[in-house]
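Quick notes on the structure that follows.
Readers should treat all values here as calculations from the given coordinates under stated rules, not as data from a laboratory. What you are looking at is a predicted structure, and each value in this text was computed from that prediction instead of being measured. All Cβ positions, even for glycine, are placed from backbone atoms using ideal geometry, and neighbour counts span all protein chains on display.
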């Protein structure tokens, strides 16, 4: 194990603990949370094309859930850039597949005349892994959402129904 590396599960932010509910009724120790802005943070100027489109799509939804503050801008921008790399690579592969009905762009011809795996496939795969990793930090994957309860809770829970009326449309 690397020196200075943390052991065990990464801590869950308080707002995600509250969204998930507290079936064990254990005391929830508050974590340090940045103040929630009155509107979604603006997209960084560096985001263009597909990355900016993705920011415009997801940032307001994450903000309404309380999962996006000004301090999260860089992490969400990194997700958006991974999305842009993934989408660009997939679009390029689709175009190559139209011109190559046999191998569908998965294999390319090398300078020596041989065949090799298309490097764009590797770019798409890495971008997809990065995208999913960042997305899970914001609760944007199916497994992350499975741990979040957005409906009213039944029972003696003081947080019951806390976000029952959140509209993500």
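Dividing the Cα radius of gyration of the stretch 64-104 by 2.2 N^0.38 Å, with N the residue count, gives 1.82.
With a Förster radius of 35 Å applied to the C-beta separation of residue 141 and residue 109, the computed FRET efficiency comes to 0.40.
Taking all pairs of distinct Cα atoms, average 1/r, flip it, and tell me the Kirkwood hydrodynamic radius of the stretch 36-120 in Å to one decimal place. Show your work: numbers first, answer last.
On the way: mean 1/r = 0.0665 Å⁻¹.
In the stretch 36-120 this quantity evaluates to 15.0 Å.
The residue 122 and residue 38 beta-carbon pair, evaluated with R₀ = 41 Å, returns a calculated FRET efficiency of approximately 0.45.
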